[in-house]
Amino acid sequence: MDDHRLTIVSNIQVLREEIAELRAQKKTVALVPTMGALHEGHLSLIDFAKEHADKTVCSIYVNPTQFAPGEDLDAYPRPLVDDIRALEGKLTDFVFTPTDDEMYPDGFSTKISVSGLTSALCGKSRPDHFDGVATIVTKLLLMVQPDFAIFGEKDYQQLLVIRRFVRDLNIPVEILGAPIIRGEDGLALSSRNQYLSAKEREVAPQLHQTLNQLSEKIKDISKDLSELLASANDELTRLGFKVDYLEIRDAKSLAPIAEIFEDQAARLFVAAKLGNTRLIDNVAV
Ligand code: AMP
């Protein structure tokens with residue numbers, strides 16, 4: 001008998017009451033924050049959440065403060081009915097879909113800002129982005145007060161930023177990172193992939209292929225790192241990408257790496273535009 005029910009909540013007070021009821025029943029709770037347009041990458045986070053906690057809350061909110069003017073806030077896909085169906089298919093317990101007024105009432109004037117980690121990679125070309133992310137995730141964590149919150153390694157820098165402010169602010173939650181889910185051709189799944197034209201979609205997997213090849217070459221420590229990066233950058237440009245960054249950094253601190261040492265956890269990071277679509281990816285080295 002299937003007695004599962006997905007509860008849809010838009011109001012913060014109602015959400016708090018629902019969570020309080022779970023707490024009274026001694027249930028553990030996992031939160032999966034998303035901006036919707038859900039794909040298998042998001043749904044893998046729901047599976048991950050269900051492995052860790054009794055009850056799963058998925059938030060769907062396209063957070064305006066993490067978009068800069070001129071970015072794709074208005075164009076961002078919002079297929080809420082499909083999303084809810086997908087969450088039902090995964091036996092999610094709650095979906096939280098707040099409005100902008102609920103999240104950013106008149107006079108809202110607070111932000112959470114993480115320094116250091118946010119100055120490189122995506123933070124360079126999107127200077128206010130991580131403040132927006134940190135602020136909204138803090139709000140969600142305070143609203144749900146989950147035992148676990150799950151984030152994808154697809155947004156690896158974001159995952160580190162979240163771990164950092166959760167630690168710095170002593171927020172009582174365990175942050176879990178989940179692996180990147182890719183299409184069969186290697187392209188990391190992303191809600192933004194639907195912006196790609198058919199032609200761009202054919203080229204897009206080369207981003208991951210180039211990263212993989214680079215990662216293999218880097219294992220040969222006799223090779224010059226900066227030369228390898230420069231030639232991979234050229235290759236991406238030749239393929240039609242407009243590279244924002246292609247860098248190798250320490251996987252924990254995001255400090256730049258000039259030379260690879262054994263036992264060092266390093267990671268390759270790329271962001272590149274294909275037409276108007278900004279794609280990001282990363283791989284462990
Ligand atoms: P978004 O809706 O893009 O804000 O993403 C919500 C969450 O899903 C974030 O924690 C992302 O890192 C994660 N995510 C997005 N795409 C993927 C993917 N392909 N594999 C794993 N996690 C993902």
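The values are calculated or read from the model by the stated rules, or taken from the named source; none is laboratory data. On a predicted model such as this, the values are computed, not experimentally measured, just so you know. Methodologically, a virtual Cβ is constructed for each residue, glycine included, from the backbone with ideal geometry; neighbour enumeration extends over all protein chains shown. Side chains are part of the model used for accessible areas, which takes the heavy atoms of the whole protein and leaves out ligands, DNA and RNA. Shrake-Rupley method; radii C 1.70, N 1.55, O 1.52, S 1.80 Å.
Structure values in brief
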| item | result |
| --- | --- |
| Evaluation of Lys124 against (1) more than 15 Å from the ligand (Cβ to nearest atom); (2) over 25 Å from His208 (Cα atoms); (3) open to solvent by 30 Å² or more (accessible area, probe 1.4 Å); (4) outside any loop (DSSP other than H, G, I, E, B) (one fails), failing number | (2) |
| Scope the range 167-183; condition open to solvent by 80 Å² or more (accessible area, probe 1.4 Å) and either in contact with a Ser or Thr (Cβ under 7 Å, 6 or more places away or on another chain) or on the phi > 0 side of the Ramachandran plot (or both); matching residues | Asn170 |
| Hits in the range 43-74 - residues which are over 18 Å from Arg126 (Cβ atoms), open to solvent by less than 30 Å² (accessible area, probe 1.4 Å) and touching a residue at least 40 places away in the same chain (Cβ under 8 Å) | Leu43, Ser44, Leu45, Ile46, Ala49, Ala53, Val57, Ser59, Tyr61 |
| Single residue of Leu228, Leu207, Leu236 found to be in contact (Cβ under 8 Å) with a residue 40 or more places away in the chain, among the aliphatic types (A, V, I, L, M) and in a helix (DSSP H, G or I) | Leu207 |
| Of all residues in the range 156-179 being touching a residue at least 60 places away in the same chain (Cβ under 8 Å) and more than 19 Å from Ala30 (Cα to Cα), the one that is nearest to the ligand (Cβ to nearest atom) | Tyr156 |
| Within the range 201-214, tally of residues that are open to solvent by less than 80 Å² (accessible area, probe 1.4 Å) and either more than 22 Å from the chain's Cα centre (by Cα) or at positive phi (or both) | 2 |
| Cβ pairs under 6 Å, 6+ apart, first in the range 95-120 and closer than 21 Å to Leu254 by Cβ, second small (Gly, Ala, Ser) and modelled with pLDDT of 95 or more | Ile112/Ala134; Val114/Ala134 |
| Qualifying position, being in contact with a Leu (Cβ under 6 Å, 6 or more places away or on another chain) and part of a loop (DSSP other than H, G, I, E, B), among Ile171, Ile112, Ile150, Ile180 | Ile171 |
| The range 239-263, residues that are touching a Phe, Trp or Tyr at 6+ places or on another chain (Cβ under 9 Å) and in a loop (DSSP other than H, G, I, E, B) | Ala251, Leu254 |
| Residue within the range 132-153 that is open to solvent by 60 Å² or more (accessible area, probe 1.4 Å) and among the charged types (D, E, K, R) present | no |
| Selection status of Gly186, in a loop (DSSP other than H, G, I, E, B), open to solvent by less than 80 Å² (accessible area, probe 1.4 Å) and either of a type in the set (Gly, Ala, Ser) or modelled with pLDDT under 95 (or both) | yes |
| Test: Ala272 is touching a residue at least 60 places away in the same chain (Cβ under 8 Å), small (Gly, Ala, Ser) and in contact with a strand residue (DSSP E or B) (Cβ under 7 Å, 6 or more places away or on another chain) | yes |
| Considering residues of the range 268-285 that are part of a strand (DSSP E or B) and open to solvent by 30 Å² or more (accessible area, probe 1.4 Å) only, the residue nearest to Ile221 (Cα to Cα) | Ala284 |
| Pairs with Cβ under 8 Å, 6+ apart, first in the range 125-144 and without any contact (Cβ under 8 Å) to a residue 40 or more places away in the chain, second assigned to a helix (DSSP H, G or I) and surrounded by fewer than 20 Cβ atoms within 10 Å (Cβ to Cβ) | Lys139/Met103 |
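Yes/no per residue for (1) more than 13 Å from the ligand (Cβ to nearest atom); (2) under 20 Å from Ser190 (Cβ atoms); (3) assigned to a helix (DSSP H, G or I); (4) polar (S, T, N, Q):
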{"residue": "Ile8", "(1), (2), (3), (4)": "yes, no, no, no"}
{"residue": "Glu18", "(1), (2), (3), (4)": "yes, no, yes, no"}
{"residue": "Ala37", "(1), (2), (3), (4)": "no, yes, no, no"}
{"residue": "His42", "(1), (2), (3), (4)": "no, yes, yes, no"}
{"residue": "Asp47", "(1), (2), (3), (4)": "no, yes, yes, no"}
{"residue": "Glu51", "(1), (2), (3), (4)": "yes, no, yes, no"}
{"residue": "Gly70", "(1), (2), (3), (4)": "yes, yes, no, no"}
{"residue": "Pro77", "(1), (2), (3), (4)": "no, yes, no, no"}
{"residue": "Leu91", "(1), (2), (3), (4)": "yes, no, no, no"}
